[in-house]
Amino acid sequence: MEIQQAFGLVFERIRKRHGVTKEQFLGIANPKYVRTLEQGVVNPSLGKVWQMSAKLEVPAEILMALAAGEAAGLTEEESIRVLKENADKYLADRQAILARK
């Protein structure tokens, strides 16, 4: 599955779970934009993802991790586990690089 389609599916799932309507995104995006995003037709900018995730009260990095996981066929739990593992690895690598300086 393409990441754009996966993001749309994840966004719709979370939007509905949180009880947020398409109309509640007015000022950020119109309902038609939200519909086409959920259909995987539009590819939102990073700024738009940031604004829309704030409206859902879900961090943008979580939405992105869930979309990547959806594209890879992972469950939400597996996607979050991978995000945590990657964050832990990044921090360990960063510490090692800083220690060498």
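The values are calculated or read from the model by the stated rules, or taken from the named source; none is laboratory data. Here the structure is a predicted model, which is why all the values come from computation and not from measurement. Cβ coordinates were reconstructed from backbone atoms using ideal geometry, including for glycine residues, and neighbour counts include every protein chain displayed.
Yes/no per residue for (1) at pLDDT 95 or above; (2) among the aromatic types (Phe, Trp, Tyr):
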| position | (1), (2) |
| --- | --- |
| 11 | yes, yes |
| 18 | yes, no |
| 27 | no, no |
| 38 | yes, no |
| 51 | yes, no |
| 56 | yes, no |
| 64 | yes, no |
| 71 | yes, no |
* Would you pick out the residues in segment 57-75 that are in a helix (DSSP H, G or I) and more than 11 Å from the chain's Cα centre (by Cα)? -> 71, 72
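Residue under question is residue 90, and the condition is that it be among the aromatic types (Phe, Trp, Tyr), part of a helix (DSSP H, G or I) and either loosely packed, with under 13 Cβ neighbours inside 10 Å or modelled with pLDDT under 95 (or both); does it hold?
yes
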* Structure fact -> Screening 6, 54, 60, 29 for residues that are within 20 Å of residue 77 (Cβ to Cβ) and out of contact with any Asp or Glu (no Cβ under 6 Å at 6 or more places or on another chain) leaves only 60
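Check whether at least one residue in segment 29-41 is exposed (fewer than 12 other Cβ atoms within 10 Å of the Cβ) and either free of Cβ contacts under 8 Å to residues at least 60 places away in the same chain or small (Gly, Ala, Ser) (or both), and report yes or no.
yes
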* Within segment 15-27, count every residue that is more than 18 Å from residue 67 (Cβ to Cβ) and either in contact with a Ser or Thr (Cβ under 9 Å, 6 or more places away or on another chain) or in contact (Cβ under 8 Å) with a residue 12 or more places away in the chain (or both). => 2
* Out of all the residues in segment 83-101, which are hydrophobic (A, V, I, L, M, F, W, C) and within 16 Å of residue 59 (Cα to Cα)? -> 83, 87
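Restricting the search to segment 51-61, which residues are within 18 Å of residue 22 (Cβ to Cβ) and either surrounded by 13 or more Cβ atoms within 10 Å (Cβ to Cβ) or of a type outside the set (D, E, K, R) (or both)?
51, 52, 53, 54, 55, 56, 58, listed by residue number.
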